[in-house]
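The values are calculated or read from the model by the stated rules, or taken from the named source; none is laboratory data. Computed from a predicted model, the values in this text were never measured in an experiment. Backbone-built Cβ (ideal geometry, glycine too); neighbour counts: all protein chains shown. The protein model used for the area step is the full one, side chains on, heavy atoms only, and it has no ligands, DNA or RNA in it. Shrake-Rupley method; radii C 1.70, N 1.55, O 1.52, S 1.80 Å.
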Amino acid sequence: MRYAMVIDTLKCVGCSDCVVACQTENNVPHGYCRDWITEAVSGSYPSVELELRSDRCNHCDNAPCVRCCPTGASHIVEGGIVLVTGDECIGCGACIESCPYDARYQHPDGYVDKCTFCHHRLEKGQLPACVSVCPTKCMYFGDLDNPNSEVFQLLKNRKHKTLAPEAGTKPHVFYLI
């Protein structure tokens, strides 16, 4: 099993409901976030395009944050989810510097924090909070290894991309374009 998130950039309206749901679900301190909305403008007048998307940790197969962690606090669990064990993290920030997606932050309590794909909700058979609240239903979550899963079918049938492919991290967050 390999968990993945697929985000349809043609349906995302940038409302930030996913951001608020994550902050609420995970008690993220005010002023910090585990996910965020990116507005990417491309082209030139009169052919300008705006892409809105929800960004977060990409839960990479080849995660530089895990490789550089001196204590093993950053690690990968079943399903390919990258987690940080807060009481093992010394807050050195090496993982923050190594992440090509700028997906981590220094929690005020001294450890590094990031998206967990709501690992605690998955254990209860629930979707990540961000996916469950999206009003446009532009976010999908499931098993990349299951050919019957919605994420597998979407990636099979729709044009998609990952962020920073040149980093070679093999991310588990995909964007339908």
Problem set entry | Estimated inter-spin distance, Asn157 and Ser132, nm [label 7 Å along Cα→Cβ] | 2.7
Problem set entry | Derived scalar couplings ³J(HN,Hα) [segment 117-122; Karplus, 6.51 cos²θ - 1.76 cosθ + 1.60; whole Hz; x for Gly, Pro] | 6, 6, 3, 5, 6, 4
Problem set entry | Length added when fully stretched, Lys11-Asp145, from 0.36 nm per residue minus Cα-Cα | 45.8 nm
For this session: Could you pull the Cα extents of segment 28-167 along its three principal axes, largest to smallest, in whole Å?
Result: 48, 40, 31
For this session: Report in % the part of the accessible area of the chain that belongs to carbon and sulfur, leaving out ligands and nucleic acids; probe 1.4 Å.
Result: 51
Problem set entry | For segment 70-79, Karplus couplings with θ = phi - 60° (6.51, -1.76, 1.60), whole Hz, Gly/Pro x | x, 10, x, 4, 8, 8, 10, 10, 3, x
For this session: Would you grab the residues whose amide H sits under 5 Å from the one on Ser74? Only those 5+ places off in sequence or on another chain, please, with H modelled 1.01 Å from N.
Result: Thr85
For this session: For Glu49 paired with Glu88, estimate the spin-label separation in nm (one decimal), with each label point 7 Å from Cα along the Cα-to-Cβ line.
Result: 4.2
Problem set entry | Euclidean distance of C-alpha centroids, segment 1-32 and segment 102-177, integer Å | 9
Problem set entry | Unit charges on C-beta of K, R, D, E only; dipole of segment 73-117, Debye | 120
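What is the extension gain from Lys124 to Glu166, computed as 0.36 nm multiplied by their sequence separation minus the C-alpha to C-alpha distance, in nm to one decimal?
11.6 nm
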Exercise. What is the set of long-range amide H partners of Phe174 at a cut-off below 5 Å, with H atoms built 1.01 Å from backbone N?
Worked result: Met5, Val6, Ile7
Exercise. Within the chain, what is the number of lysine pairs with alpha carbons under 19 Å apart, leaving out pairs fewer than eight places apart on the same chain?
Worked result: 11
Seminar exercise, completed: Residue by residue through segment 90-102, the couplings from Karplus 6.51 cos²θ - 1.76 cosθ + 1.60 with θ = phi - 60°, in Hz, x for Gly and Pro, are 9, x, 5, x, 4, 5, 5, 5, 7, 6, x, 9, 6
Exercise. Ranked from the most accessible area to the least, with a 1.4 Å probe and all protein chains present, what is the order of Cys18, Cys92?
Worked result: Cys92, Cys18
For this session: Using a 1.4 angstrom probe, figure out how much accessible area the chain has per residue, in square angstrom, rounded to the nearest whole.
Result: 51
